[in-house]
Amino acid sequence: MNFTFAPQNVGQAPEPGEGHAHLYIDDEKIARLYGEWYHLASLPEDAETIAVGLYANNHQPLAVDGEAIGDTVAIAEIAAP
C-alpha cells in the first residue's frame, strides 16, 4: 500500500492512501505524526513497547483486509547490543 502524509487534510474526508500516524509508548498515544520522522527525546525507564499506526484523514485506522496498518517493537529489541 502506498501512503502519503497529508497534514493539510486532517479532519477531512478520508482519501485512499493518505493521512497521518499515531505514536504510542506502552499503548499510550504520545504524538500524532505528520511526516516520516519524529524526534523522541527520551523514554520512560520502564517503557516496554513503541508502536505506530496509520490513520485516515478522519482519524479512522487504516486497514488492509480488516487488519490495522501499524507495527509494535519491544524496546528491549532496540536497546540490545
Charge dipole of the chain built from unit charges on the beta carbon (Lys, Arg +1; Asp, Glu -1), centred at mean Cα; most positive-end Cα among Leu62, Pro44, Ala6 is Ala6
Accessible area per residue in Å² at 1.4 Å probe, computed on the chain | 70 Å²
Kirkwood hydrodynamic radius (C-alpha pairs) into Stokes-Einstein, the stretch 1-43, 37 °C and 0.692 mPa s, D in µm²/s = 282 µm²/s
So how compact is the chain: Cα radius of gyration and Dmax in angstrom?
-> 13.7, 44
Return the loop-located chymotrypsin sites (Phe, Trp or Tyr not before Pro) in the stretch 14-77 (DSSP other than H, G, I, E, B) with at most 14 other Cβ atoms within 10 Å of their own Cβ; answer none if there are none.
-> Tyr34, Trp37, Tyr38
The chain: antiparallel DSSP beta bridges as a percent of all, rounded to 5 = 90 percent
Can you pull the percent of the chain's accessible area that's carbon plus sulfur, 1.4 Å probe, other chains left in place?
-> 50 percent
Show that you can apply the helix-only estimate: for the chain, add -39,500 (n - 2.57) for every DSSP H stretch of four or more residues, divide by all residues, and state [θ] at 222 nm to the nearest 500.
-> -1000 deg cm²/dmol
Expected sort for 11-20, 61-70 on mean C-beta neighbours within 10 Å, highest first, is 11-20, 61-70
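The values are calculated or read from the model by the stated rules, or taken from the named source; none is laboratory data. Everything numeric here is computed off the predicted structure, so don't read it as measured data. Counting neighbours? That spans all protein chains shown, and the Cβs are built from the backbone with ideal geometry, glycine included. Just so you know, the surface numbers come from the protein's heavy atoms only, side chains and all, with ligands and any DNA or RNA stripped out. Shrake-Rupley method; radii C 1.70, N 1.55, O 1.52, S 1.80 Å.
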